[in-house]
1. Identify the residue in region 319-333 that is over 28 Å from Val396 (Cα atoms) and either open to solvent by 10 Å² or more (accessible area, probe 1.4 Å) or among the charged types (D, E, K, R) (or both) and, among all such residues, is modelled with the lowest pLDDT.
2. State whether the residues of region 226-244 include one that is open to solvent by less than 30 Å² (accessible area, probe 1.4 Å) and among the β-branched types (Val, Ile, Thr).
3. Take region 571-597 and flag every residue that is in contact with a Leu (Cβ under 7 Å, 6 or more places away or on another chain) and not in a loop (DSSP other than H, G, I, E, B).
4. Could you check region 154-180 and list, in sequence order, the residues that are open to solvent by less than 20 Å² (accessible area, probe 1.4 Å), closer than 18 Å to Glu26 by Cβ and either outside the structural domain of Ser140 (by TED's automatic domain parsing) or more than 16 Å from ligand 2 (Cβ to nearest atom) (or both)?
5. When you go through Phe117, Phe101 one by one, which is the residue that is over 17 Å from Trp146 (Cβ atoms), in a helix (DSSP H, G or I) and within 16 Å of ligand 2 (Cβ to nearest atom)?
6. For region 446-498, which residues satisfy the criterion of being surrounded by fewer than 21 Cβ atoms within 10 Å (Cβ to Cβ), among the charged types (D, E, K, R) and outside any helix (DSSP H, G or I)?
7. For region 68-116, enumerate the residues that are away from ligand 1 (no atom under 13 Å from the Cβ), open to solvent by 30 Å² or more (accessible area, probe 1.4 Å) and within 18 Å of Thr132 (Cβ to Cβ).
8. Could you give me the residue pairs with C-beta distances under 7 Å whose first residue belongs to region 518-533 and is outside the structural domain of Arg585 (by TED's automatic domain parsing), whose second residue is among the aliphatic types (A, V, I, L, M) wherever it lies, and which are 6+ apart or on separate chains?
Amino acid sequence: MEQKQFQAESKRMLDLMIHSIYTHKEIFLRELISNASDAIDKRYFKSLSDNEGLNRDDFHIFLHPDKDLRTLTITDNGIGMTAEELEANLGVIAHSGSRAFKSENELDENTDIIGQFGVGFYSAFMVAKKVTVRTKAAGSDTAYEWQSEGVDGYTVDTCDKADIGTEIVLELIDDTEDEKYSEYLEEFRLRQLVKKYSDYIRFPIQMEVTRSKKVEGTEDQYEDVHEIATLNSMTPMWKKNKNELTDEDYNRFYREQYFDYTEPLSHLHSRNEGAVNYNMLLYIPAKAPYDYYSKSFEKGLTLYSNGVMIMEKCADLLPDHFSFVKGLVDSEDLSLNISREMLQHDRQLKLIAKSLEKSIKNELTKMLKTDREKYEKFWEAFGIQLKFGIYNGFGVNKELLQDLLLFHSSGCDKPEGYSTLAEYVSRMREDQKYIYYAAGESVPRCAGLPASELVRDKGYEVLYLTEHVDEFTIQTLQQYSDKEFKNVSAGDLGLESEEDKTALEKKNEEAKDLFEEMQKALEGKVKAVRLSSRLKSHPVCLSSDGDLSLEMEKVLNNMPVGQKVQAERVLELNADHPVFAVLNRLLTEDKDKLAKYTNLLYQQALLIEGMPIEDPVALSSMICDLMV
Ligand code: ADP
Ligand code: MG
């Protein structure tokens, strides 16, 4: 028998194939099963015109591991190959009989036939040292055997084979330290691979399996029975009609796929037709996975092409702000690259990603409108991600995300309740210029700030920003519905009438000497000391000039990296408080004491703001000095 050489190009290709095209050896099974499925599709398609009277149920793919022989056999009763076809399809790498079949029969892109590149078959050599293909074409009397041990070439001969179809025998490579090829003889491993890659092949993939069964008539005696099991579920859940599916069906699928036993908050299931056609089945989980907010978390959706899994986590399908979404996309329009692990062009992917983003946003908006309780649950799990989404990329996504934001607010019914920005604006008073907010560790902390008390007393609502990212998010937004945001602890709150302002300026002018003296005592700590328009009952508070607020200073300085920053601090005093009179008296009577009191007031202001005290011991002895 003549040993034939692969064509020169093919030889190099085969080498490449075995060593570098695929990242996972295990995909050989996906490729061989896909070929078997294509072969069956072709035979079924032909039988329709030949009146062969075949039913879809007549077809199957069979896996047969043999531990003694160390072989794995994949059998199908598909179309088979003639001698010429064997030569053309398996003797020439990168020749796809399936692609040819599609164009000969004028089948459009919507066909289920998977093959297109003519290389998948050779992935068998990643796990096999010898591959034997026995095949008999539909309508032919002769069967042929093709055999190859890889780059050295192949032989073709006639052989005995009763049934139409193809049988591929892989003689597995010997196990090494690193690689246990014999795993592909294990029932559990084969089951697992079929589930992972080929679960939605539309013909049954079967195997003889061993099951432990109770011996009839006994209580506790078991025996091993052998039976034929179908390993794949065949119909992709997402290709079923929505009204055939119950919530429980969706939830079960979610549990099985994502190993999350908390029911998802909602699912999105649809078929999209347009520039790119695809099916999607997405879930919004109810709680964040334990590693969600860590670097090790990988976002992504499972990508299928014609029901065959291509990529387990396709990150490009999900923007970071929706990275919590789980699910899959199945498209027949993807141009895959040769390994089918990556996509040739990302144009289709970009189109899909854009439209998924829109769908997810719509789903969240709907949830916010129709099921507030559910939405707040979602918010507590993933709200931070949306806020980061606004802050990241300098606000490119603010239009998309701003109406999904929730904040605590003094305007909520419950102390820890949430308000959207739209709700806040709808409650704004006619004369109100700003959307006020206070930042701090907790709702009580924000509510207790002297400045936020004052703003509330004037009848305005205050948002309470309790999360680190909040103020950065607000600063990125700058405004909402044409209203600017205003930190109650910074700058001019816009609450004063012009007369009040002039009066305050006058008082400030009068106290110039006092403030000069006090600022000297706080050398380098504050930018200014002045009278406050944001104090009602407290003697003192700290505010900031400029863009960096005290709360942001705190957050930034708590980060493990980066330079230390300091807001432009201003010590503000309450002119109506008795302490102010005392300070004025000390200016003439006792400058040393004035310096001490100034320091004390400054430290108090720090405490109220939740800022660290520079020297707690010094503060404590200062207080003791006053007591004795
Ligand atoms: P592709 O599937 O992308 O066409 P492959 O390298 O996987 O490329 O297969 C090459 C060709 O060999 C297929 O197009 C098909 O014509 C033929 N072939 C492979 N496996 C079978 C099979 N089980 N039955 C019939 N033909 C097959
Ligand atoms: Mg193939």
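1. Asp333
2. No, because not a single residue in region 226-244 is open to solvent by less than 30 Å² (accessible area, probe 1.4 Å) and among the β-branched types (Val, Ile, Thr).
3. Leu571, Glu572, Leu573, Phe580, Leu583, Asn584, Leu586, Leu587, Lys593, Leu594, Tyr597
4. Leu172
5. Result: Phe101 is the single residue among Phe117, Phe101 that is over 17 Å from Trp146 (Cβ atoms), in a helix (DSSP H, G or I) and within 16 Å of ligand 2 (Cβ to nearest atom).
6. Matches in region 446-498: Lys458, Glu467, Asp482, Lys483, Glu484, Asp492, Glu496.
7. Correct list: Asp68, Leu69, Arg70.
8. Matching pairs, first to second residue: none at all.
The values are calculated or read from the model by the stated rules, or taken from the named source; none is laboratory data. Predicted, not measured: the structure shown is a model, and the values here were computed from it. FYI the Cβ positions are ideal-geometry reconstructions off the backbone, even for glycines, and counts take in every protein chain you see. Note: areas computed on protein heavy atoms with side chains; ligands, DNA, RNA excluded. Shrake-Rupley method; radii C 1.70, N 1.55, O 1.52, S 1.80 Å.
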